[in-house]
Amino acid sequence: MEYLPTGMNDFVAMYLGSPVPIYIMVAIAAYFLGCFNGAVIVSKYILRNDIRNHGSGNAGLTNFHRVFGGGLTFVVILCDVLKAVLAVLIGSGLFGLCLENAVLGKYWAGLFCLLGHMFPCMFGFKGGKGILSGGTIAIMIDWRVALVVWGGFLILAALTRWVSLGSCWAGASFPFATWFVYHDTVLLALSILIGGLILWKHRANMERMLKGEESKLSFHKKKEGV
């Protein structure tokens, strides 16, 4: 795998010739894009009612929908999708130009975008669980990876109405889909980190599912105190 830039002008070769600055720049950009948490921003600054003080306390789409519902749910979706798209585009663009490995850039940016979403520094490191952003990253990486991740997620969520079960499938299947498509050990390692983060963030959901206590998906706003 070739990591040194070729065919670039002297300026780019001089300042971006080493892979280290590229990795750092993409990591920082992707992380801070990930920190742009739609559920927190909409609830805290538009509704003036922080989502982390309600429901499961999670700053993610599912908890936002259960607590607030309504049209603002689509604003949360838009925020979490767009930030993942931008992060992956930055990663693939810079890695493709300077390191001639756009796919590696997608995985690298995806990892740090999820870290920003899950542990946003400007919101006390309390973020979401990364399913919507992670699913968007999978789509941006490769349609075959997305088909495995999203296919299982949708089937399991529809059959059981446990979004968290579909989410666990997404995290667990992501490395397998990556290996099937690329057969690359570096990408596999990054995919294990990404999938592992998603599974780790859903560890409490797994415990509740085993006990039969996990909340099921509803298309109606959940009333306070119910």
| task | Search the range 185-203 for residues being more than 16 Å from the chain's Cα centre (by Cα) and without any contact (Cβ under 8 Å) to a residue 12 or more places away in the chain, and hand back the single one that is least open to solvent (accessible area, probe 1.4 Å). | result | A189
| task | Output the helices (runs of 4 or more DSSP H) that fall wholly within the range 64-182 and possess 2 or more residues being buried (at least 16 other Cβ atoms within 10 Å of the Cβ) and among the polar types (S, T, N, Q), or say none. | result | 72-94, 131-141, 163-182
| task | Could you tell me whether H65 is of a type outside the set (K, R) and touching an Asp or Glu at 6+ places or on another chain (Cβ under 9 Å)? | result | no
| note | Counting only residues in the range 52-63 that are open to solvent by less than 60 Å² (accessible area, probe 1.4 Å) and more than 13 Å from G124 (Cβ to Cβ), the one modelled with the highest pLDDT is identified as H54
| For the range 110-137, what are the residues that are more than 10 Å from the chain's Cα centre (by Cα) and in contact (Cβ under 8 Å) with a residue 12 or more places away in the chain? | P120, C121, M122, F123, K126, G127
| said: Can you pull out every residue in the range 183-193 that is in a helix (DSSP H, G or I) and of a type outside the set (A, V, I, L, M, F, W, C)? | reply: T185, S191
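The values are calculated or read from the model by the stated rules, or taken from the named source; none is laboratory data. Only a predicted model underlies this, so the values are computations on that prediction, with no experimental measurement involved. Note: ideal-geometry Cβ built from the backbone for every residue, glycine included; neighbour counts use all protein chains shown. Note: areas computed on protein heavy atoms with side chains; ligands, DNA, RNA excluded. Shrake-Rupley method; radii C 1.70, N 1.55, O 1.52, S 1.80 Å.
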